[in-house]
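Derivation of every value follows stated rules applied to the coordinates shown; laboratory data play no part. The structure displayed is predicted, hence computed values, not measured ones. Virtual Cβ from ideal backbone geometry, glycine too; neighbours counted across all protein chains shown.
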Amino acid sequence: MAHQESTFIAIKPDSMQRGLVGEIIKRFEQKGFRLVAMKFLQASQELLKQHYIDLKDCPFFPGLVKYMNSGPVVAMVWELLNVVKMGRMMLGETNPVDSKPGTICGDFCIQVGRNIIHGSDSVKSAEKEISLWFKPEEVVDYKSCAFDWI
Ligand code: IDP
Ligand code: MG
């Protein structure tokens, strides 16, 4: 399919507990992106340490792994043209204090340590994250009926 690009989006344990799952998925659906994989799980510490490996020397790393492991998450892969960059724009900035209203962080959270959603920051990290969280057969290739209209 033309204009393919994939990103890994995770609804973190706090947004799950706060009932924001539907709202977040709605925004990606309404934007026109295509959902190709989704799972609901409590991520293991091992998986999360691997996911955040680049941050392993940060002082907040142990707290970050604990936070992400504190309850279930919704892990997803969304596709289409420029989804990595536009996905990050929809999320807002890492720190909610810098996130404009209208973005997910700008609308629904306050603290960087409880910033409710993850999105890949580049095409390269998206590839790494998708292969870490999903088996190839868990990512479904199909044509959305809206494809030609978006
Ligand atoms: P990103 O999630 O926007 O890519 P990163 O710098 O990769 O931001 O950090 C990963 C996650 O680590 C953030 O989303 C946030 O949950 C957490 N984090 C980042 N900086 C801090 C901090 O200063 N204190 C506590 N947690 C932080
Ligand atoms: Mg990051």
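The table below gives the values:
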item: Residues that are in a helix (DSSP H, G or I) and either of a type in the set (Gly, Ala, Ser) or buried (at least 16 other Cβ atoms within 10 Å of the Cβ) (or both), drawn from the range 11-20; result: 13, 14, 15, 16
item: Candidate set: the range 51-66, residues that are closer than 14 Å to residue 128 by Cβ and surrounded by 15 or more Cβ atoms within 10 Å (Cβ to Cβ); chosen: the one nearest to ligand 2 (Cβ to nearest atom); result: 52
item: Residues of the range 22-56 that turn out to be of a type in the set (A, V, I, L, M, F, W, C) and part of a helix (DSSP H, G or I), as a count; result: 7
item: Complete set of residues in the range 86-122 that are basic (Lys, Arg), surrounded by fewer than 15 Cβ atoms within 10 Å (Cβ to Cβ) and part of a helix (DSSP H, G or I); result: 114
item: Every pair of residues 6+ apart whose Cβ atoms lie under 9 Å, when the first sits in the range 41-66 and is among the aromatic types (Phe, Trp, Tyr) while the second is within 16 Å of ligand 2 (Cβ to nearest atom) and outside any helix (DSSP H, G or I); result: 52/58; 61/52
